[in-house]
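One structure is given here, and the rest of the page talks about it.
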Amino acid sequence: MSASPTTEFVGTTPAVDWQRRIRQLINIVKIELSRNFLTRRGLGMYFLAFAPVVIIGIHALESRGGRRCSIEQDTQILAGIVQLFYLRLGIFFGCLGTFTWLIRGEIVQKSLHYYFLAPLRRELLIVGKYVAGVITASLLFGLGVVLSFMFMYGHFGARGERFVFEGPGLSQLVSYLLITTLACMGYGALFLAFSLVFKNPIIPGAFIFGWEMISGVLPSFLQKLSITFYLKNLFPVEVPPQGLMALFTVVAEPVVPAVAVTGLLLLVIFVLTVAAYTARFMEISYSKE
(Lines give C-alpha, C1' and ligand atoms only; values in the text may rest on other atoms or scores of the structure.)
Protein backbone atom coordinates (compact mmCIF):
# COMPACT_ATOMS: atom_id res chain seq x y z
CA MET A 1 0.00 0.00 0.00
CA SER A 2 1.30 3.46 -0.84
CA ALA A 3 0.32 6.96 0.17
CA SER A 4 0.94 10.19 -1.66
CA PRO A 5 0.71 13.83 -0.50
CA THR A 6 -2.71 14.71 0.83
CA THR A 7 -4.81 17.69 -0.16
CA GLU A 8 -5.55 20.56 2.21
CA PHE A 9 -8.74 22.31 3.16
CA VAL A 10 -9.75 25.10 0.77
CA GLY A 11 -11.89 28.15 1.34
CA THR A 12 -10.60 28.92 4.85
CA THR A 13 -9.26 32.24 6.04
CA PRO A 14 -5.59 32.47 7.12
CA ALA A 15 -6.59 32.95 10.78
CA VAL A 16 -8.84 29.89 10.81
CA ASP A 17 -6.21 27.89 8.93
CA TRP A 18 -3.50 28.71 11.49
CA GLN A 19 -5.82 27.88 14.39
CA ARG A 20 -6.55 24.51 12.82
CA ARG A 21 -2.86 23.82 12.29
CA ILE A 22 -2.03 24.69 15.89
CA ARG A 23 -4.75 22.30 17.12
CA GLN A 24 -3.42 19.60 14.82
CA LEU A 25 0.13 20.18 16.05
CA ILE A 26 -0.96 19.92 19.69
CA ASN A 27 -2.86 16.70 18.98
CA ILE A 28 0.14 15.16 17.19
CA VAL A 29 2.39 16.04 20.11
CA LYS A 30 -0.05 14.48 22.59
CA ILE A 31 -0.29 11.26 20.59
CA GLU A 32 3.47 10.96 20.18
CA LEU A 33 4.15 11.73 23.84
CA SER A 34 1.90 8.87 24.92
CA ARG A 35 3.74 6.57 22.53
CA ASN A 36 7.18 7.68 23.73
CA PHE A 37 6.57 7.45 27.47
CA LEU A 38 4.20 4.50 27.78
CA THR A 39 5.94 1.80 25.75
CA ARG A 40 8.46 -0.93 26.47
CA ARG A 41 10.64 0.57 23.78
CA GLY A 42 11.25 3.54 26.08
CA LEU A 43 12.90 1.37 28.75
CA GLY A 44 16.29 1.81 27.10
CA MET A 45 16.05 5.57 27.40
CA TYR A 46 15.06 5.29 31.06
CA PHE A 47 18.15 3.19 31.69
CA LEU A 48 20.44 5.66 29.89
CA ALA A 49 18.90 8.62 31.72
CA PHE A 50 18.98 7.21 35.25
CA ALA A 51 21.95 4.82 35.36
CA PRO A 52 24.29 7.63 36.56
CA VAL A 53 21.72 8.57 39.21
CA VAL A 54 22.00 5.11 40.76
CA ILE A 55 25.80 5.21 40.72
CA ILE A 56 25.96 8.70 42.22
CA GLY A 57 23.34 7.72 44.79
CA ILE A 58 25.53 4.83 45.94
CA HIS A 59 28.48 7.21 46.09
CA ALA A 60 26.44 9.63 48.20
CA LEU A 61 25.46 6.91 50.67
CA GLU A 62 29.06 5.79 51.08
CA SER A 63 30.36 9.35 51.48
CA ARG A 64 27.74 10.90 53.75
CA GLY A 65 29.05 14.10 55.26
CA GLY A 66 31.75 14.37 52.61
CA ARG A 67 34.24 12.38 54.66
CA ARG A 68 35.87 10.65 51.68
CA CYS A 69 35.74 13.41 49.08
CA SER A 70 35.56 17.16 48.56
CA ILE A 71 33.11 19.39 46.76
CA GLU A 72 35.79 20.25 44.20
CA GLN A 73 36.37 16.58 43.41
CA ASP A 74 32.67 15.80 43.11
CA THR A 75 32.17 18.86 40.91
CA GLN A 76 34.81 17.53 38.53
CA ILE A 77 33.25 14.06 38.61
CA LEU A 78 29.78 15.41 37.84
CA ALA A 79 31.12 17.47 34.95
CA GLY A 80 32.78 14.35 33.57
CA ILE A 81 29.56 12.34 33.87
CA VAL A 82 27.53 14.97 32.02
CA GLN A 83 30.12 15.52 29.29
CA LEU A 84 31.43 11.99 28.78
CA PHE A 85 28.37 9.87 29.55
CA TYR A 86 25.24 11.95 29.03
CA LEU A 87 26.43 14.00 26.06
CA ARG A 88 28.49 11.43 24.18
CA LEU A 89 26.62 8.22 25.05
CA GLY A 90 23.33 8.51 26.91
CA ILE A 91 21.66 11.35 25.00
CA PHE A 92 23.13 10.21 21.68
CA PHE A 93 21.80 6.66 21.84
CA GLY A 94 18.59 7.72 23.56
CA CYS A 95 17.83 10.14 20.71
CA LEU A 96 18.94 7.60 18.13
CA GLY A 97 16.40 5.08 19.39
CA THR A 98 13.61 7.61 19.90
CA PHE A 99 13.78 9.86 16.84
CA THR A 100 14.58 7.21 14.24
CA TRP A 101 11.53 5.28 15.43
CA LEU A 102 9.19 8.24 14.97
CA ILE A 103 8.95 7.63 11.22
CA ARG A 104 10.63 4.28 10.68
CA GLY A 105 8.60 2.71 13.48
CA GLU A 106 5.35 3.83 11.86
CA ILE A 107 6.45 2.13 8.64
CA VAL A 108 7.39 -1.07 10.47
CA GLN A 109 4.01 -1.09 12.24
CA LYS A 110 2.22 -0.19 8.96
CA SER A 111 0.50 2.82 10.48
CA LEU A 112 2.15 5.82 8.80
CA HIS A 113 -0.47 5.94 6.05
CA TYR A 114 -3.12 6.99 8.58
CA TYR A 115 -1.23 10.24 9.07
CA PHE A 116 -0.55 10.63 5.36
CA LEU A 117 -4.19 10.14 4.37
CA ALA A 118 -5.44 12.69 6.91
CA PRO A 119 -6.07 16.34 5.91
CA LEU A 120 -2.78 17.29 7.51
CA ARG A 121 0.30 19.01 6.13
CA ARG A 122 3.25 16.67 6.30
CA GLU A 123 5.51 19.49 7.45
CA LEU A 124 3.26 19.81 10.48
CA LEU A 125 3.53 16.07 11.10
CA ILE A 126 7.34 16.25 11.09
CA VAL A 127 7.38 19.23 13.45
CA GLY A 128 4.87 17.60 15.80
CA LYS A 129 6.83 14.36 16.00
CA TYR A 130 10.06 16.30 16.52
CA VAL A 131 8.61 18.45 19.31
CA ALA A 132 7.27 15.35 21.09
CA GLY A 133 10.65 13.64 20.79
CA VAL A 134 12.49 16.68 22.17
CA ILE A 135 10.08 16.96 25.10
CA THR A 136 10.47 13.27 25.91
CA ALA A 137 14.26 13.19 25.70
CA SER A 138 14.77 16.54 27.44
CA LEU A 139 12.49 15.66 30.35
CA LEU A 140 14.02 12.24 30.96
CA PHE A 141 17.67 13.23 30.61
CA GLY A 142 17.07 16.58 32.31
CA LEU A 143 15.53 14.77 35.28
CA GLY A 144 18.50 12.42 35.33
CA VAL A 145 20.90 15.36 35.44
CA VAL A 146 18.91 17.09 38.21
CA LEU A 147 18.81 13.94 40.37
CA SER A 148 22.52 13.34 39.78
CA PHE A 149 23.20 16.93 40.84
CA MET A 150 21.07 16.61 43.97
CA PHE A 151 22.72 13.36 45.08
CA MET A 152 26.20 14.64 44.30
CA TYR A 153 25.92 17.66 46.58
CA GLY A 154 23.19 16.52 48.97
CA HIS A 155 25.51 14.30 51.02
CA PHE A 156 27.67 17.31 51.91
CA GLY A 157 24.88 18.74 54.02
CA ALA A 158 25.19 22.45 54.83
CA ARG A 159 28.40 22.76 52.78
CA GLY A 160 26.66 21.41 49.70
CA GLU A 161 23.69 23.72 50.24
CA ARG A 162 25.97 26.76 50.41
CA PHE A 163 27.79 25.66 47.27
CA VAL A 164 24.52 25.35 45.38
CA PHE A 165 22.66 28.46 46.53
CA GLU A 166 25.49 30.81 47.49
CA GLY A 167 28.19 29.54 45.14
CA PRO A 168 28.33 28.50 41.48
CA GLY A 169 26.31 25.30 41.91
CA LEU A 170 22.93 26.55 40.72
CA SER A 171 24.36 28.27 37.63
CA GLN A 172 26.22 25.06 36.78
CA LEU A 173 22.97 23.08 36.97
CA VAL A 174 21.26 25.55 34.62
CA SER A 175 24.15 25.17 32.17
CA TYR A 176 23.90 21.37 32.31
CA LEU A 177 20.16 21.49 31.62
CA LEU A 178 20.69 23.87 28.70
CA ILE A 179 23.34 21.56 27.25
CA THR A 180 21.03 18.57 27.71
CA THR A 181 18.16 20.25 25.90
CA LEU A 182 20.34 21.49 23.03
CA ALA A 183 21.89 18.03 22.64
CA CYS A 184 18.42 16.46 22.40
CA MET A 185 17.40 19.08 19.84
CA GLY A 186 20.53 18.66 17.70
CA TYR A 187 20.77 14.88 17.70
CA GLY A 188 17.00 14.56 17.45
CA ALA A 189 16.80 16.64 14.28
CA LEU A 190 19.58 14.62 12.63
CA PHE A 191 18.10 11.24 13.51
CA LEU A 192 14.57 12.24 12.49
CA ALA A 193 15.93 13.32 9.10
CA PHE A 194 17.85 10.04 8.79
CA SER A 195 14.63 8.07 9.34
CA LEU A 196 13.09 9.85 6.33
CA VAL A 197 16.05 9.39 4.01
CA PHE A 198 17.51 6.00 4.96
CA LYS A 199 15.75 2.67 5.19
CA ASN A 200 18.17 1.69 7.97
CA PRO A 201 19.02 4.92 9.87
CA ILE A 202 21.26 2.99 12.30
CA ILE A 203 24.06 2.95 9.72
CA PRO A 204 24.38 6.76 9.33
CA GLY A 205 23.80 7.02 13.08
CA ALA A 206 26.86 4.83 13.67
CA PHE A 207 28.89 7.11 11.40
CA ILE A 208 27.79 10.20 13.36
CA PHE A 209 28.69 8.44 16.61
CA GLY A 210 32.19 7.70 15.37
CA TRP A 211 32.60 11.25 14.13
CA GLU A 212 31.51 12.73 17.45
CA MET A 213 33.80 10.40 19.40
CA ILE A 214 36.93 11.32 17.43
CA SER A 215 36.07 14.99 16.93
CA GLY A 216 38.55 16.02 19.63
CA VAL A 217 41.52 14.69 17.66
CA LEU A 218 40.45 16.17 14.33
CA PRO A 219 41.77 19.46 12.94
CA SER A 220 40.01 22.48 14.40
CA PHE A 221 37.99 23.25 11.24
CA LEU A 222 36.61 19.68 11.20
CA GLN A 223 35.75 19.82 14.89
CA LYS A 224 33.30 22.61 14.06
CA LEU A 225 31.28 20.12 12.02
CA SER A 226 30.30 18.19 15.17
CA ILE A 227 27.55 18.93 17.68
CA THR A 228 29.86 18.10 20.58
CA PHE A 229 32.21 20.95 19.69
CA TYR A 230 29.56 23.62 20.24
CA LEU A 231 28.14 22.05 23.37
CA LYS A 232 31.58 21.73 24.99
CA ASN A 233 31.85 25.50 24.87
CA LEU A 234 28.83 25.75 27.17
CA PHE A 235 30.19 23.57 29.96
CA PRO A 236 30.75 25.51 33.19
CA VAL A 237 33.47 23.07 34.35
CA GLU A 238 36.23 21.99 32.01
CA VAL A 239 37.01 18.29 31.76
CA PRO A 240 40.61 17.98 30.49
CA PRO A 241 41.43 14.94 28.33
CA GLN A 242 43.43 12.21 30.03
CA GLY A 243 45.56 9.27 28.96
CA LEU A 244 46.17 8.70 25.27
CA MET A 245 43.42 11.14 24.30
CA ALA A 246 45.43 13.95 25.88
CA LEU A 247 48.33 13.22 23.50
CA PHE A 248 46.21 13.41 20.34
CA THR A 249 43.64 16.05 21.29
CA VAL A 250 43.72 19.16 19.14
CA VAL A 251 42.73 22.28 21.07
CA ALA A 252 40.43 24.28 18.82
CA GLU A 253 39.69 27.94 19.31
CA PRO A 254 36.52 28.12 21.45
CA VAL A 255 33.44 30.06 20.46
CA VAL A 256 31.41 32.29 22.74
CA PRO A 257 28.25 30.67 24.19
CA ALA A 258 25.90 32.89 22.17
CA VAL A 259 27.52 31.77 18.91
CA ALA A 260 27.47 28.13 20.02
CA VAL A 261 23.76 28.21 20.84
CA THR A 262 22.87 30.16 17.69
CA GLY A 263 24.88 27.85 15.47
CA LEU A 264 23.24 24.76 16.90
CA LEU A 265 19.74 26.22 16.56
CA LEU A 266 20.44 27.16 12.92
CA LEU A 267 21.56 23.58 12.31
CA VAL A 268 18.31 22.29 13.81
CA ILE A 269 16.21 24.62 11.66
CA PHE A 270 18.12 23.63 8.51
CA VAL A 271 17.83 19.89 9.14
CA LEU A 272 14.12 20.11 10.02
CA THR A 273 13.49 22.15 6.87
CA VAL A 274 15.15 19.47 4.76
CA ALA A 275 13.22 16.76 6.59
CA ALA A 276 9.90 18.54 6.12
CA TYR A 277 10.62 19.09 2.42
CA THR A 278 11.55 15.42 2.02
CA ALA A 279 8.33 14.31 3.75
CA ARG A 280 6.23 16.25 1.23
CA PHE A 281 7.32 13.91 -1.54
CA MET A 282 7.63 10.73 0.50
CA GLU A 283 5.66 7.71 -0.68
CA ILE A 284 5.43 4.58 1.40
CA SER A 285 5.07 1.02 0.19
CA TYR A 286 4.82 -1.50 2.99
CA SER A 287 5.52 -4.34 0.57
CA LYS A 288 9.05 -2.98 0.05
CA GLU A 289 9.88 -2.74 3.76
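The values are calculated or read from the model by the stated rules, or taken from the named source; none is laboratory data. In this text the structure is predicted, and so the values were computed from the model without any measurement. Reconstructed Cβ throughout: ideal geometry from the backbone, glycine too, with neighbour counts over all protein chains shown.
Can you say whether E62 is under 23 Å from Y153 (Cα atoms) and at pLDDT below 85, as far as the supplied structure shows?
Working: under 23 Å from Y153 (Cα atoms): yes; at pLDDT below 85: yes.
Criteria met by E62.
Yes or no, residue by residue, for (1) more than 19 Å from R21 (Cα to Cα); (2) out of contact with any Gly (no Cβ under 7 Å at 6 or more places or on another chain); (3) at pLDDT 95 or above:
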site: K110; (1), (2), (3): yes, yes, no
site: R122; (1), (2), (3): no, yes, no
site: L143; (1), (2), (3): yes, yes, yes
site: V146; (1), (2), (3): yes, yes, yes
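Within the group L96, L89, L78, L84, which residue is under 20 Å from L177 (Cβ atoms), under 17 Å from the mean Cα position of the chain (by Cα), at pLDDT 90 or above and of a type outside the set (K, R)?
Numbers: L96 fails: under 20 Å from L177 (Cβ atoms); L78 fails: under 17 Å from the mean Cα position of the chain (by Cα); L84 fails: at pLDDT 90 or above.
Criteria check complete, one pass: L89.
Just to confirm my filter: which helices (runs of 4 or more DSSP H) fall fully inside region 203-289 and include at least 3 residues that are surrounded by 14 or more Cβ atoms within 10 Å (Cβ to Cβ), touching a strand residue (DSSP E or B) at 6+ places or on another chain (Cβ under 9 Å) and modelled with pLDDT under 75? Before you say what the answer is, go through the steps one by one.
Values: elements: 220-223, 227-232, 244-248, 257-280.
Because the criterion is at least 3 residues that are surrounded by 14 or more Cβ atoms within 10 Å (Cβ to Cβ), touching a strand residue (DSSP E or B) at 6+ places or on another chain (Cβ under 9 Å) and modelled with pLDDT under 75, no helices (runs of 4 or more DSSP H) in region 203-289 meet it.
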- Task: State whether one or more residues within region 160-178 are surrounded by fewer than 19 Cβ atoms within 10 Å (Cβ to Cβ), within 20 Å of the chain's Cα centre (by Cα) and among the polar types (S, T, N, Q).
- Result: yes
- Message: Given the criterion in contact with a Phe, Trp or Tyr (Cβ under 6 Å, 6 or more places away or on another chain), farther than 17 Å from A189 by Cα and not hydroxyl-bearing (S, T, Y), identify the matching residue among A49, A79.
- Response: A49
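Got a sec? Which of L143, L96 is buried (at least 19 other Cβ atoms within 10 Å of the Cβ) and either in a helix (DSSP H, G or I) or not acidic (D, E) (or both)?
Details: L143 fails: buried (at least 19 other Cβ atoms within 10 Å of the Cβ).
Going through L143, L96 in turn, just one is buried (at least 19 other Cβ atoms within 10 Å of the Cβ) and either in a helix (DSSP H, G or I) or not acidic (D, E) (or both): L96.
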- Message: Restricting to region 82-91, and then to whatever is touching a residue at least 60 places away in the same chain (Cβ under 8 Å) and buried (at least 23 other Cβ atoms within 10 Å of the Cβ), can you tell me which residue is farthest from I202 (Cα to Cα)?
- Response: V82
- Note on the structure: M152 fails exactly one of (1) within 27 Å of E62 (Cβ to Cβ); (2) in contact with a Phe, Trp or Tyr (Cβ under 8 Å, 6 or more places away or on another chain), namely (2)
- Scan region 174-202 for residues that are outside any helix (DSSP H, G or I) and under 16 Å from G133 (Cβ atoms) and jot them down. P201
- Message: Testing A118 on (1) among the aliphatic types (A, V, I, L, M); (2) outside any loop (DSSP other than H, G, I, E, B); (3) within 30 Å of E283 (Cβ to Cβ), one condition comes back false. Which one is that?
- Response: (2)
- All conditions in (1) surrounded by fewer than 16 Cβ atoms within 10 Å (Cβ to Cβ); (2) within 30 Å of N27 (Cβ to Cβ); (3) not charged (D, E, K, R) are true of G157 except (2)
